[in-house]
Amino acid sequence: MPESGEIAELRAALLWLRRASGLPLAFGGLLTGPRQFRISEQSGNNTLSMQGLAITSGNGIGGKAVALARPIALTDYSTSRVISHEYDAAAAGEGVRAVLAVPVVVHHRVRGVLYGGLRDSLPLGDRTLTAAVGAAQELGQRLAVRDEANRLLAAYQQPTAADPAAWEEVREAHTELRALAARVADPLLQQEILAACGRLATASSGGAKGRPVNKMVPPTTTPSPREVDVLACVATGATNAVAGERLGLRPETVKSYLRSAMRKLGARTRLEAVVAARRAGLLP
């Protein structure tokens, strides 16, 4: 079943689709299995005739969009000969005539479908289809970010590594999580990611068996969250250019953040800054 955060992302995508396309009706759902999804969210609807409707891959316009993994648009749903008509009653209940369905693709796999509709039989132009495709792509990117964040949280929420190689994996995960946090729209998931980062950062202070205990030495001034992001990248050996790619920053901006962090930590080199940040419990 989709998570509550995924449903919130879907709801936001439907609102964006309506605003960008000008369509009065948008609805959709995320796959609950390899071949089925339910219409769980609607925007601009007058009835609940489609709420909870189970769509099977290949059936109707949405099921066909899933099966073909491409957008489909119809001028008149009820008379179309290119789709099956298992869901005509539900569509008629809402008065849907012209309709489009766009698959939401994540990592080359369909994860859901966004629909947009009119209550008149009119052609849906390129502008409308482009807006719908854009909404589906944006939702796909957001779901991909959530997937990666959840994967890292599940793998590294309780770091217990005792050997140096395993701790390097923990540090890499910490860096990836901090970079992801800036891209997550869901504030609750972002908070969870940053909390996990905090646990990873303090774990090296004695939380893992066999790990040398670092004495917590508070810096003169605590680096900002973005400066810690840069330090986390630097700690993995990343250059300014690579750190910029990970964080969506220009190399010059990375350099500026790094200089500021070094000044606050009383460090003269990148290595000294990383060591000081670890002693301060800012990095694992």
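List of remarks:
- Of everything listed in (1) free of Cβ contacts under 8 Å to residues at least 40 places away in the same chain; (2) surrounded by 19 or more Cβ atoms within 10 Å (Cβ to Cβ), the single unmet condition for residue 70 is (2).
- From the options 269, 253, residue that is modelled with pLDDT of 90 or more, more than 20 Å from residue 177 (Cβ to Cβ), of a type in the set (Val, Ile, Thr) and surrounded by 13 or more Cβ atoms within 10 Å (Cβ to Cβ): 253
- Residue 101 falls short on exactly one of the conditions (1) surrounded by 22 or more Cβ atoms within 10 Å (Cβ to Cβ); (2) touching a helix residue (DSSP H, G or I) at 6+ places or on another chain (Cβ under 6 Å); (3) within 30 Å of residue 246 (Cβ to Cβ), and that condition is (3).
- Candidate set from segment 168-191 (those that are buried (at least 19 other Cβ atoms within 10 Å of the Cβ) and at pLDDT below 80); member that is nearest to residue 141 (Cα to Cα): 184
- Any pair with Cβ under 7 angstrom, 6 or more apart, that starts in segment 120-135 at a residue that is touching a residue at least 24 places away in the same chain (Cβ under 8 Å) and ends at one that is part of a loop (DSSP other than H, G, I, E, B) and aliphatic (A, V, I, L, M): 121/98; 122/98; 124/98; 128/23
- From the list 82, 66, the lone residue that is closer than 22 Å to residue 10 by Cα and of a type outside the set (Gly, Ala, Ser) is 66.
- Selected residue (criterion: modelled with the lowest pLDDT) from residues of segment 72-124 that are under 20 Å from residue 32 (Cα atoms) and part of a loop (DSSP other than H, G, I, E, B): 107
- Enumerated helices (runs of 4 or more DSSP H) restricted to segment 224-284, each holding at least 1 residues that are closer than 17 Å to residue 197 by Cα and either assigned by TED's automatic domain parsing to the domain that holds residue 201 or among the aliphatic types (A, V, I, L, M) (or both): 225-235, 240-247, 270-279
The values are calculated or read from the model by the stated rules, or taken from the named source; none is laboratory data. Keep in mind that this is a model prediction, so the values were computed, not measured. Because the Cβ atoms are built from the backbone with ideal geometry, glycine has one as well, and the counts that use them run over all protein chains shown.
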